[in-house]
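To start, the structure under review is shown below, and the notes come after it.
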Amino acid sequence: MPERQSDNHHCGPQNTLLKKCHCGHYHLHYKYVMLTIPQQTLFHIMRECYEWEEMRSANPEILQDKTLKLMVGVVQLSISGKDFDEFNAVIQEGASEALKILELVEKPSR
């Protein structure tokens, strides 16, 4: 099933959904958990995912199937190894949109 995307809405094929709310925060759904997070927390999760991806690529035989554990406030999210690629893609896409990367790339230079 291909990824679905619309304005302010990023969804992986199975377990992960990130949606920007009109209040300015993001709603992060992973499996049966929904968290409301500010933009800075989204960027923090993006950084954690990037670091985990780097560690996994450096040690695939050890970390490929390990669980990524993220503390978000008082909640711990445990992202399974098989769900990580989907979770990471949704987070990266949402963070790129929040940073307006496409607008910067498409903007003609002066």
Give the angle, between 0 and 90 degrees and rounded to the nearest 10, that separates the Cα long axis of helix 84-99 from the longest principal axis of the Cα atoms of the chain.
20 degrees
Here the relative contact order (percent) of region 4-100, from C-alpha pairs under 8 Å and at least 6 apart, is 26 percent
Highest-MSF residue in the chain out of N15, N59, N88 [GNM, Cα springs under 10 Å]
N59
In this structure, the FRET efficiency calculated for I62 and H27 from their beta-carbon separation, with R0 = 25 Å, to the nearest 0.05, is 0.15
Cut-off 10 angstrom, C-alpha nodes, Gaussian network model of the chain. Which of Q14, Q76, Q39 fluctuates the most?
Q76
By how many degrees, between 0 and 90 and to the nearest 10, does the Cα long axis of helix 39-58 differ from the longest principal axis of the chain?
50 degrees
If R0 is 22 Å, what FRET efficiency do you get for S78 and Q14 from their C-beta distance, rounded to 0.05?
0.85
What is the spin-label model distance, in nm, from F43 to L102 if the labels are put 7 Å beyond Cα along the C-beta direction?
2.1 nm
Alpha carbons only, please: Rg and Dmax for the chain, in angstrom.
14.5, 48
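Throughout, read-outs are computed from the coordinates displayed, never taken from laboratory work. Worth saying up front: this structure is predicted, and the values here are computed from it rather than measured. Heads up, the Cβs are rebuilt from the backbone with ideal geometry, glycines too, and the neighbour counts pull from every protein chain shown.
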